[in-house]
Amino acid sequence: MLIKLNPDGIVQPSPSEITPEHVYLNRRQFIARIAATAAAGSALWEMANREAFAQAGTRLAARRNAAYVAPDKVTEFHDATHYNNFYEFGTDKEDPAANAHTLRPRPWTVSIEGEVKKPQTLDIDSLRKMAPLEERIYRLRCVEGWSMVIPWVGYSLSELIKRVEPTSNAKYVEFITLADPKQMPGVRSRILQWPYTEGLRMDEAMHPLALLTVGMYGQVLPNQNGAPVRVIVPWKYGFKSGKSIVKIRFVRDQPRTSWNVSAPDEYGFYANVNPKVDHPRWSQATERRIGEDGFFKRKRETLMFNGYPDVARLYGGMDLRKYY
Ligand SMILES: Nc1nc2c(c(=O)[nH]1)N[C@H]1C(S)=C(S)[C@@H](COP(=O)(O)O)O[C@H]1N2
Ligand SMILES: [Mo]
(Lines give C-alpha, C1' and ligand atoms only; values in the text may rest on other atoms or scores of the structure.)
(Ligands and ions follow the chains in the order given, each with its own letter.)
Protein backbone atom coordinates (compact mmCIF):
# COMPACT_ATOMS: atom_id res chain seq x y z
CA MET A 1 0.00 0.00 0.00
CA LEU A 2 1.14 3.49 -0.78
CA ILE A 3 1.24 6.00 2.04
CA LYS A 4 1.11 9.60 0.96
CA LEU A 5 2.31 12.26 3.32
CA ASN A 6 2.16 15.80 2.03
CA PRO A 7 4.70 18.40 3.21
CA ASP A 8 2.56 19.30 6.21
CA GLY A 9 2.59 15.72 7.34
CA ILE A 10 -1.09 15.21 6.67
CA VAL A 11 -2.01 11.67 5.82
CA GLN A 12 -3.94 12.18 2.62
CA PRO A 13 -6.70 9.73 1.96
CA SER A 14 -6.60 8.95 -1.74
CA PRO A 15 -9.94 8.78 -3.59
CA SER A 16 -9.82 4.99 -3.52
CA GLU A 17 -9.82 5.09 0.26
CA ILE A 18 -13.01 7.03 0.79
CA THR A 19 -15.02 4.10 2.04
CA PRO A 20 -14.71 4.23 5.80
CA GLU A 21 -13.82 0.58 6.19
CA HIS A 22 -10.92 1.03 3.84
CA VAL A 23 -9.77 4.07 5.72
CA TYR A 24 -9.75 1.94 8.82
CA LEU A 25 -7.98 -1.05 7.30
CA ASN A 26 -5.39 1.06 5.54
CA ARG A 27 -4.63 2.79 8.78
CA ARG A 28 -3.84 -0.55 10.40
CA GLN A 29 -1.43 -1.37 7.58
CA PHE A 30 -0.02 2.10 7.92
CA ILE A 31 0.68 1.54 11.59
CA ALA A 32 2.16 -1.89 10.95
CA ARG A 33 4.45 -0.31 8.40
CA ILE A 34 5.54 2.42 10.80
CA ALA A 35 6.30 -0.17 13.45
CA ALA A 36 8.40 -2.08 10.92
CA THR A 37 10.37 0.98 9.89
CA ALA A 38 12.33 1.07 13.11
CA ALA A 39 14.85 3.73 12.13
CA ALA A 40 12.37 6.23 10.78
CA GLY A 41 9.71 5.17 13.24
CA SER A 42 9.57 8.03 15.66
CA ALA A 43 9.82 10.69 12.95
CA LEU A 44 6.91 9.12 11.11
CA TRP A 45 4.84 9.02 14.27
CA GLU A 46 5.47 12.72 14.68
CA MET A 47 4.43 13.43 11.14
CA ALA A 48 1.31 11.33 11.29
CA ASN A 49 0.20 13.14 14.42
CA ARG A 50 0.90 16.60 13.09
CA GLU A 51 -2.39 17.25 11.43
CA ALA A 52 -2.79 20.59 9.76
CA PHE A 53 -6.54 20.43 9.37
CA ALA A 54 -9.49 18.37 10.38
CA GLN A 55 -11.78 17.05 7.74
CA ALA A 56 -14.16 14.16 7.73
CA GLY A 57 -12.12 11.08 7.02
CA THR A 58 -8.77 12.58 8.04
CA ARG A 59 -6.82 9.85 9.67
CA LEU A 60 -5.56 10.09 13.20
CA ALA A 61 -2.65 7.96 14.29
CA ALA A 62 -3.15 6.27 17.63
CA ARG A 63 -1.71 3.27 19.42
CA ARG A 64 -4.23 0.69 20.52
CA ASN A 65 -4.26 0.33 24.29
CA ALA A 66 -4.82 -3.39 24.85
CA ALA A 67 -5.98 -2.78 28.41
CA TYR A 68 -9.14 -1.14 27.07
CA VAL A 69 -10.39 -3.39 24.33
CA ALA A 70 -13.92 -4.73 24.79
CA PRO A 71 -14.06 -8.31 23.46
CA ASP A 72 -17.27 -7.56 21.54
CA LYS A 73 -17.65 -7.28 17.78
CA VAL A 74 -17.04 -3.70 16.64
CA THR A 75 -20.12 -1.92 15.27
CA GLU A 76 -19.99 -1.09 11.56
CA PHE A 77 -18.77 2.46 10.89
CA HIS A 78 -21.92 3.19 8.90
CA ASP A 79 -24.17 2.20 11.80
CA ALA A 80 -22.12 4.19 14.31
CA THR A 81 -22.44 7.29 12.13
CA HIS A 82 -26.09 6.96 11.06
CA TYR A 83 -27.85 6.11 14.31
CA ASN A 84 -27.07 9.00 16.61
CA ASN A 85 -28.39 11.18 19.38
CA PHE A 86 -27.29 14.76 18.86
CA TYR A 87 -30.36 16.89 19.47
CA GLU A 88 -28.65 20.05 18.22
CA PHE A 89 -29.16 18.49 14.77
CA GLY A 90 -32.62 17.01 15.27
CA THR A 91 -34.24 14.31 17.36
CA ASP A 92 -34.47 11.42 14.90
CA LYS A 93 -31.62 8.93 14.83
CA GLU A 94 -30.85 9.75 11.18
CA ASP A 95 -30.99 13.54 11.66
CA PRO A 96 -27.40 14.13 12.85
CA ALA A 97 -25.92 12.31 9.83
CA ALA A 98 -28.16 14.32 7.50
CA ASN A 99 -27.73 17.72 9.17
CA ALA A 100 -24.38 17.91 10.96
CA HIS A 101 -22.44 18.96 7.85
CA THR A 102 -23.15 22.57 8.91
CA LEU A 103 -20.99 22.16 12.02
CA ARG A 104 -17.57 23.76 11.61
CA PRO A 105 -15.19 21.73 13.76
CA ARG A 106 -12.27 23.91 12.82
CA PRO A 107 -11.04 26.35 14.04
CA TRP A 108 -12.20 25.27 17.50
CA THR A 109 -11.17 26.16 21.01
CA VAL A 110 -11.94 24.65 24.38
CA SER A 111 -11.66 26.85 27.43
CA ILE A 112 -10.70 25.40 30.77
CA GLU A 113 -12.17 27.46 33.58
CA GLY A 114 -13.15 27.63 37.21
CA GLU A 115 -11.32 26.03 40.10
CA VAL A 116 -7.98 25.41 38.37
CA LYS A 117 -4.52 26.86 38.86
CA LYS A 118 -3.89 26.95 35.13
CA PRO A 119 -7.03 28.16 33.35
CA GLN A 120 -6.43 28.25 29.61
CA THR A 121 -7.95 28.23 26.16
CA LEU A 122 -6.69 25.44 23.96
CA ASP A 123 -7.13 25.08 20.24
CA ILE A 124 -8.03 21.64 19.01
CA ASP A 125 -4.49 20.82 17.86
CA SER A 126 -2.96 21.65 21.23
CA LEU A 127 -5.64 19.61 22.92
CA ARG A 128 -4.92 16.62 20.67
CA LYS A 129 -1.24 16.83 21.37
CA MET A 130 -1.53 17.11 25.10
CA ALA A 131 -1.08 13.37 25.61
CA PRO A 132 -0.39 10.43 23.27
CA LEU A 133 -3.51 9.35 21.41
CA GLU A 134 -4.77 5.86 22.15
CA GLU A 135 -7.34 3.68 20.49
CA ARG A 136 -9.75 2.02 22.91
CA ILE A 137 -12.71 -0.15 22.08
CA TYR A 138 -15.58 0.75 24.40
CA ARG A 139 -19.22 -0.18 24.64
CA LEU A 140 -21.59 2.78 24.63
CA ARG A 141 -25.11 2.12 25.92
CA CYS A 142 -27.93 4.59 25.51
CA VAL A 143 -30.65 4.72 28.18
CA GLU A 144 -33.11 4.09 25.30
CA GLY A 145 -31.96 0.46 25.24
CA TRP A 146 -29.50 0.24 22.34
CA SER A 147 -25.75 -0.07 22.38
CA MET A 148 -22.72 0.06 20.11
CA VAL A 149 -19.06 -0.95 20.30
CA ILE A 150 -16.72 1.70 18.96
CA PRO A 151 -12.95 2.09 18.54
CA TRP A 152 -12.53 5.57 20.01
CA VAL A 153 -9.38 7.67 19.74
CA GLY A 154 -8.31 9.91 22.59
CA TYR A 155 -6.61 9.86 25.96
CA SER A 156 -7.72 9.68 29.57
CA LEU A 157 -9.47 12.85 30.65
CA SER A 158 -7.26 12.65 33.76
CA GLU A 159 -4.27 13.57 31.56
CA LEU A 160 -5.85 16.93 30.81
CA ILE A 161 -7.07 17.42 34.38
CA LYS A 162 -3.61 16.83 35.84
CA ARG A 163 -2.09 19.42 33.54
CA VAL A 164 -4.52 22.21 34.45
CA GLU A 165 -4.10 21.58 38.20
CA PRO A 166 -7.52 21.74 39.83
CA THR A 167 -7.66 23.53 43.20
CA SER A 168 -8.88 21.72 46.31
CA ASN A 169 -12.27 23.39 45.76
CA ALA A 170 -12.83 21.48 42.52
CA LYS A 171 -15.32 18.74 43.34
CA TYR A 172 -17.04 18.37 39.96
CA VAL A 173 -16.25 18.90 36.30
CA GLU A 174 -18.83 20.46 34.01
CA PHE A 175 -18.80 19.99 30.24
CA ILE A 176 -20.42 22.72 28.18
CA THR A 177 -21.01 22.03 24.52
CA LEU A 178 -21.53 24.32 21.52
CA ALA A 179 -24.96 25.92 21.04
CA ASP A 180 -24.79 27.96 17.85
CA PRO A 181 -28.09 28.31 15.98
CA LYS A 182 -26.17 29.18 12.81
CA GLN A 183 -24.46 25.80 12.81
CA MET A 184 -27.02 23.76 14.71
CA PRO A 185 -30.63 23.93 13.52
CA GLY A 186 -31.90 21.95 16.52
CA VAL A 187 -31.03 24.57 19.13
CA ARG A 188 -33.98 26.65 17.94
CA SER A 189 -36.27 24.01 19.41
CA ARG A 190 -36.92 24.01 23.14
CA ILE A 191 -36.59 20.28 23.55
CA LEU A 192 -33.57 20.69 25.85
CA GLN A 193 -31.89 23.51 27.68
CA TRP A 194 -29.00 24.78 25.55
CA PRO A 195 -26.11 24.62 25.65
CA TYR A 196 -26.18 20.90 26.32
CA THR A 197 -24.25 20.47 29.56
CA GLU A 198 -23.10 17.42 31.46
CA GLY A 199 -21.02 16.79 34.52
CA LEU A 200 -18.97 14.28 36.46
CA ARG A 201 -17.79 14.07 40.03
CA MET A 202 -14.05 14.73 40.20
CA ASP A 203 -13.12 11.11 41.04
CA GLU A 204 -15.24 9.87 38.13
CA ALA A 205 -13.55 12.30 35.77
CA MET A 206 -10.15 11.11 37.04
CA HIS A 207 -10.93 7.42 36.46
CA PRO A 208 -8.67 6.25 33.61
CA LEU A 209 -11.66 4.88 31.66
CA ALA A 210 -13.11 8.38 31.17
CA LEU A 211 -11.86 9.29 27.70
CA LEU A 212 -11.33 12.71 26.18
CA THR A 213 -12.23 11.70 22.65
CA VAL A 214 -11.09 13.26 19.38
CA GLY A 215 -11.61 10.43 16.92
CA MET A 216 -13.11 7.06 16.12
CA TYR A 217 -12.30 4.26 13.66
CA GLY A 218 -8.84 5.73 13.17
CA GLN A 219 -10.03 9.11 11.95
CA VAL A 220 -11.17 12.45 13.33
CA LEU A 221 -14.65 12.42 14.86
CA PRO A 222 -17.36 12.74 12.24
CA ASN A 223 -19.51 15.80 12.98
CA GLN A 224 -22.52 13.71 13.96
CA ASN A 225 -20.46 11.93 16.61
CA GLY A 226 -19.41 15.14 18.34
CA ALA A 227 -16.56 16.71 16.38
CA PRO A 228 -14.01 17.85 17.21
CA VAL A 229 -13.97 16.77 20.85
CA ARG A 230 -16.32 14.95 23.21
CA VAL A 231 -16.08 12.74 26.24
CA ILE A 232 -16.86 9.04 26.46
CA VAL A 233 -17.76 7.71 29.89
CA PRO A 234 -18.37 4.06 29.07
CA TRP A 235 -19.86 2.90 32.38
CA LYS A 236 -22.59 5.54 32.17
CA TYR A 237 -25.55 5.99 29.83
CA GLY A 238 -24.73 7.70 26.55
CA PHE A 239 -26.17 11.06 27.51
CA LYS A 240 -23.29 11.66 29.96
CA SER A 241 -20.94 11.74 26.96
CA GLY A 242 -21.35 15.35 25.78
CA LYS A 243 -20.47 16.10 22.15
CA SER A 244 -18.71 19.12 20.61
CA ILE A 245 -17.36 20.49 23.89
CA VAL A 246 -16.33 24.16 24.10
CA LYS A 247 -15.82 24.60 27.87
CA ILE A 248 -14.62 22.42 30.70
CA ARG A 249 -15.35 24.05 34.03
CA PHE A 250 -14.17 22.89 37.45
CA VAL A 251 -16.71 23.67 40.15
CA ARG A 252 -17.49 23.21 43.86
CA ASP A 253 -21.11 22.15 43.58
CA GLN A 254 -22.81 19.43 41.58
CA PRO A 255 -23.60 21.09 38.24
CA ARG A 256 -27.01 21.10 36.62
CA THR A 257 -27.15 18.95 33.52
CA SER A 258 -29.45 19.36 30.50
CA TRP A 259 -31.17 15.99 30.78
CA ASN A 260 -31.60 16.21 34.53
CA VAL A 261 -33.16 19.68 34.16
CA SER A 262 -35.53 18.51 31.40
CA ALA A 263 -36.79 15.38 33.24
CA PRO A 264 -35.35 14.93 36.75
CA ASP A 265 -37.15 11.64 37.49
CA GLU A 266 -35.90 10.11 34.26
CA TYR A 267 -32.29 11.23 34.14
CA GLY A 268 -30.17 11.44 37.27
CA PHE A 269 -26.77 13.03 37.67
CA TYR A 270 -24.95 9.70 38.03
CA ALA A 271 -26.62 7.76 35.20
CA ASN A 272 -24.52 4.66 35.77
CA VAL A 273 -25.54 1.74 33.57
CA ASN A 274 -27.50 -0.45 35.97
CA PRO A 275 -29.68 -3.34 34.79
CA LYS A 276 -31.48 -3.35 38.15
CA VAL A 277 -32.74 0.21 38.05
CA ASP A 278 -35.24 0.80 35.27
CA HIS A 279 -35.88 4.10 33.56
CA PRO A 280 -39.60 5.01 33.91
CA ARG A 281 -40.15 4.30 30.21
CA TRP A 282 -37.50 1.76 29.29
CA SER A 283 -36.19 -1.38 30.98
CA GLN A 284 -32.45 -1.28 31.54
CA ALA A 285 -32.14 -5.06 31.97
CA THR A 286 -31.48 -5.83 28.31
CA GLU A 287 -30.26 -4.02 25.23
CA ARG A 288 -30.15 -4.25 21.45
CA ARG A 289 -26.75 -4.03 19.77
CA ILE A 290 -27.08 -1.78 16.72
CA GLY A 291 -26.41 -3.67 13.48
CA GLU A 292 -26.47 -7.09 15.18
CA ASP A 293 -29.63 -7.67 17.18
CA GLY A 294 -32.80 -7.39 15.09
CA PHE A 295 -36.06 -6.36 16.69
CA PHE A 296 -37.24 -9.96 16.96
CA LYS A 297 -34.08 -11.46 18.39
CA ARG A 298 -33.90 -12.06 22.11
CA LYS A 299 -32.17 -9.02 23.56
CA ARG A 300 -28.80 -9.28 25.21
CA GLU A 301 -28.40 -8.69 28.92
CA THR A 302 -27.09 -5.36 30.08
CA LEU A 303 -24.11 -5.61 32.41
CA MET A 304 -23.67 -3.70 35.65
CA PHE A 305 -21.66 -0.54 34.92
CA ASN A 306 -21.91 -1.61 31.27
CA GLY A 307 -19.31 -4.32 31.95
CA TYR A 308 -16.71 -2.07 33.62
CA PRO A 309 -16.79 -3.45 37.20
CA ASP A 310 -13.66 -1.58 38.30
CA VAL A 311 -15.66 1.63 38.67
CA ALA A 312 -17.77 0.10 41.48
CA ARG A 313 -15.17 1.43 43.92
CA LEU A 314 -16.29 4.98 43.10
CA TYR A 315 -19.73 4.28 44.54
CA GLY A 316 -19.00 2.40 47.76
CA GLY A 317 -21.80 2.93 50.29
CA MET A 318 -24.03 4.77 47.83
CA ASP A 319 -27.61 3.67 47.23
CA LEU A 320 -27.62 3.43 43.44
CA ARG A 321 -31.43 3.47 43.34
CA LYS A 322 -31.46 6.84 44.98
CA TYR A 323 -28.43 8.14 43.10
CA TYR A 324 -29.50 6.92 39.66
N1 LIG B 1 -24.10 17.88 22.64
C2 LIG B 1 -24.76 16.72 22.72
N3 LIG B 1 -24.10 15.63 23.19
C4 LIG B 1 -24.74 14.44 23.29
C5 LIG B 1 -26.11 14.31 22.93
C6 LIG B 1 -26.77 15.47 22.43
O7 LIG B 1 -27.97 15.45 22.08
N8 LIG B 1 -26.06 16.64 22.34
N9 LIG B 1 -26.75 13.10 23.08
C10 LIG B 1 -26.16 12.13 24.03
C11 LIG B 1 -26.75 10.80 23.94
S12 LIG B 1 -28.32 10.63 24.57
C13 LIG B 1 -26.05 9.71 23.47
S14 LIG B 1 -26.71 8.14 23.55
C15 LIG B 1 -24.69 9.86 22.87
C16 LIG B 1 -24.69 9.27 21.46
O17 LIG B 1 -23.40 9.28 20.90
P18 LIG B 1 -23.18 8.68 19.41
O19 LIG B 1 -24.22 9.29 18.52
O20 LIG B 1 -21.79 9.03 19.02
O21 LIG B 1 -23.39 7.20 19.53
O22 LIG B 1 -24.31 11.23 22.77
C23 LIG B 1 -24.64 12.04 23.90
N24 LIG B 1 -24.04 13.36 23.75
MO1 LIG C 1 -28.72 8.35 24.88
Quick one: residue 65 ticks every box in (1) within 30 Å of residue 192 (Cα to Cα); (2) at pLDDT 95 or above; (3) of a type in the set (S, T, N, Q) bar one, so which box is it? (1)
Return yes or no: is residue 130 in contact with a strand residue (DSSP E or B) (Cβ under 9 Å, 6 or more places away or on another chain) and without any contact (Cβ under 8 Å) to a residue 40 or more places away in the chain? yes
Inspect all residues belonging to segment 35-45 and state whether any of them is surrounded by 15 or more Cβ atoms within 10 Å (Cβ to Cβ) and either part of a loop (DSSP other than H, G, I, E, B) or modelled with pLDDT of 95 or more (or both). no
Can you name the number of the only condition in (1) within 11 Å of ligand 1 (Cβ to nearest atom); (2) surrounded by fewer than 24 Cβ atoms within 10 Å (Cβ to Cβ) that residue 236 fails? (2)
Give all pairs with beta carbons closer than 7 Å in which a residue from segment 238-256 that is over 16 Å from residue 271 (Cβ atoms) meets a residue that is more than 15 Å from ligand 1 (Cβ to nearest atom) and among the β-branched types (Val, Ile, Thr); count only pairs at least 6 apart in sequence or on separate chains. 248/112; 248/173; 250/116; 250/173
Quick count over segment 121-146, residues being within 16 Å of ligand 1 (Cβ to nearest atom), touching a helix residue (DSSP H, G or I) at 6+ places or on another chain (Cβ under 6 Å) and in a loop (DSSP other than H, G, I, E, B), is 1
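Return yes or no: is residue 311 touching a residue at least 60 places away in the same chain (Cβ under 8 Å), closer than 19 Å to residue 233 by Cα and in contact with a Gly (Cβ under 9 Å, 6 or more places away or on another chain)? So that I can check it myself, show each step before the final result.
Working: touching a residue at least 60 places away in the same chain (Cβ under 8 Å): yes; closer than 19 Å to residue 233 by Cα: yes; in contact with a Gly (Cβ under 9 Å, 6 or more places away or on another chain): no.
In short, no.
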Among (1) within 10 Å of ligand 1 (Cβ to nearest atom); (2) in contact with a strand residue (DSSP E or B) (Cβ under 7 Å, 6 or more places away or on another chain); (3) of a type in the set (Asp, Glu), where does residue 113 come up short? (1)
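The values are calculated or read from the model by the stated rules, or taken from the named source; none is laboratory data. As the structure is a prediction and not an experimental result, all values here were calculated from the model. So basically every Cβ, Gly included, is an ideal-geometry build from the backbone, and we count neighbours across all protein chains shown.
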